[in-house]
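Each reported figure results from applying straightforward, stated rules to the coordinates on display, with no laboratory input. Keep in mind the model is a prediction, meaning the values are calculated, not measured. Virtual Cβ from ideal backbone geometry, glycine too; neighbours counted across all protein chains shown.
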């Protein structure tokens, strides 16, 4: 859409009357609008009121778009089409994480729980023109449908021999009070060695009922083939695993176990005790792992009887990894694979500090996990060697449909 003589004269007058930043803003606004119109014409194959054989769609008005720049807010108009959709390539859409964060902060603003710092964050994210409830609803509506689809998608496209479970905590406003709520995350290793985010949920606590409901939802979505669940040793979580994940062994995270041991020994001896316990996980065979744990328990028992008791009580859960292929041992002894996810979640949630409601927290966490999941799928790198995965289900190929693993009954429940 070329500028008419009148448009040029009006632009010239506005430029003459402006100075500094306002001059830059006016020029940038007009230039971007012209680029948008030119891209629209190329997209549909026709200029305004042009009749061509290559036309693929018709214009249907415009919608307002405010673009925040260092020169100020630019008031642009995005062409609408009668069929299909169009969005200028030079105005890249926000990633889902940024959209979610933006929506969360705006929701806090609208609900009256924001502070001056939250107001500054809204402006930094492009809200110089103010916040309206309709804008909050629009952005949240655009996000919730795809995020809910991701969170509830079927999981029956492959088997997941290993799954990891962990939780982190965030502050949420519930019934006019600020409380700590658990964000639980499940990821899995596929039978070809890839990684996927399986699910997430926000709840009041890490109780058995909460974890059982979460694990059942994974099973209902088609999760199958699980041979080992790697997690921390919260009592509610362990009970839920043994109740819901029948036919699966439970591996207690060795990193969390070491931290639990530190509570019962003097600070100065922590590294020595940790190094001694780590030798259990450096053995070459399952038999050597079991024997080394007994040896380490005896060695530490004289000076730290509580640590010896903890080691012997946790022996079955700490060494569950040892019946699986040796190439997998380092990756299935702890929940460390979830650490990057937890760090990214905390980095984003720390910006908000206090979420206006649990739904806002779940929206942002799901957006973060969805982006990371897409990275794993789009740029696949085998987390475990593909050839090494076949041994996990070797018993099924031999005609046996179940496998008895440490700490679980021999059952056909899958």
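Fewest neighbouring Cβ atoms within 10 Å first, the residues 211, 376, 48 line up as 48, 376, 211. Ordered by the number of other Cβ atoms lying within 10 Å of each residue's own Cβ, fewest first, 366, 390, 40 fall into the sequence 390, 40, 366.
Seen from a random direction on average, the alpha-carbon convex hull of the stretch 263-334 projects onto 4.7 square nanometres. In plain terms, the residue of 245, 310 with the fewest other Cβ atoms within 10 Å comes first and the most crowded comes last, giving 310, 245.
P(r) tail for the stretch 166-267, what percent of Cα pairs lie past 23 Å? So the pairs more than 23 Å apart make up 34 percent of the total in the stretch 166-267.
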